Every structure is written in structure tokens, then in C-alpha cells.
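Written below as C-alpha cells is the structure these notes are about.
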Amino acid sequence: MGGETSLAPNLDELLAFAKEELGAKTKLGHTNGTRIPTENLDYANVGFKAWSRDLHYKITGKPKDLIYTNFENAWESGMEMEANIVYVPGFVGLGEIEGLCSFLSGLDDSIPFRISGYIPVPGQPWKRPTNKQIEDAKDAACKYMKNVHASHLTIEEALDLSMRDDRFNVEVLV
């Protein structure tokens, strides 16, 4: 958390070492797509903020074209890609999800796409989506995409993922 992974000053060196010296598959699990594709990177999961130009600019302070163009260029270069967006009812709504999915399906409707339900932040006016709203968001995405998933965590579940998924259970072995 904190900072854009694709802008890390030593990223190119780390990717080259992992790929060339270790023979590893290289991934950026979460990026805003500012600097992809990049040499020695095999996979990226890009978190989009919005589809509409004005909302994207309001959220990021930057034009959306760079991120969308980078995603498309990375996909066309053969890089393995995934996409995600945070659904914030009343702010980043269904129209944003449909616009993004329309763009993605123009590349390939099998690109994995995830919708994360907004987790309320103190001092912000937006609420966590209801179960029905998450289902509606998923249905909207499925009009365009074949591989859609959604998560809808409570604050407590976000702080302790083992409440929702036993893959996050911690066991002390020694």
C-alpha cells in the first residue's frame, strides 16, 4: 500500500534479475498502469479508477488516455493482463463499469475482470454497496466480459481476510 509499483526506481533491475537470473515469471499484482508494458514484465493487474474522462481526472488528477493506451499496448504485446475497478455506488457507478468493460471486451472479452465493492473510509460520504448492488454491477460487467468476479468485503473482513477465505489463515508451525 502506498505508491505506484510501476514507478519504483529499481523496478527494471528487479524484473531483469527475476527473469534473467532466476527464470521467474514476473508480475505486478496491483498497478495503475502508468508504466506498462515494460521489459521483462510478464503480467500486470491494472486497477482502473473510472471510464469517463471527467471522473477519471477527478479521482487521479491525470488524463485517462495514458492508462487505457498502456493497457491496450501491453495486451497487444502479449503480456498477460487482468483488470479491476472499485465500485462506489453514487460515485464510480454502473456506467463506469460498463464503459470500462466495453473497452476491455474490444481487446478480448476473456480478460479477467474483478469488481471490488467499496469499503467505507471515515470522513467520506460513500457507502458500501449492498449485495444487490454488487450483483447488479457483476451483471453489468457480464454483458461484455466472460471472466467476471466480484468481492464485497466488510471492514472487518478486509482487516482479517481469513474471516472470508481460509487461504488467509495463519498457522504457527514452530
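Side notes on the structure shown:
- Filtering 116, 151 for residues that are touching a residue at least 12 places away in the same chain (Cβ under 8 Å), touching a strand residue (DSSP E or B) at 6+ places or on another chain (Cβ under 9 Å) and closer than 21 Å to residue 33 by Cα leaves a single hit, 116.
- Those residues of segment 48-66 which are buried (at least 17 other Cβ atoms within 10 Å of the Cβ) and either in contact (Cβ under 8 Å) with a residue 40 or more places away in the chain or within 13 Å of residue 6 (Cα to Cα) (or both), in sequence order: 48, 49, 50, 51, 55
- Identity of the residue in segment 1-29, under 17 Å from residue 112 (Cβ atoms) and exposed (fewer than 14 other Cβ atoms within 10 Å of the Cβ), that ends up modelled with the highest pLDDT: 25
- For residue 69, the conditions (1) among the β-branched types (Val, Ile, Thr); (2) touching a helix residue (DSSP H, G or I) at 6+ places or on another chain (Cβ under 6 Å); (3) loosely packed, with under 15 Cβ neighbours inside 10 Å all hold with the exception of (2).
- Scanning segment 1-48 for residues that are part of a helix (DSSP H, G or I), closer than 17 Å to residue 74 by Cα and not charged (D, E, K, R) turns up 5, 6, 7, 11, 15.
- Boolean, residue 96 is assigned to a helix (DSSP H, G or I) and surrounded by fewer than 18 Cβ atoms within 10 Å (Cβ to Cβ): no
The values are calculated or read from the model by the stated rules, or taken from the named source; none is laboratory data. Fair warning: this is a prediction, and the values are worked out from it, not measured in the lab. Cβ: placed from backbone, ideal geometry, glycine included. Neighbour counts: every protein chain shown.
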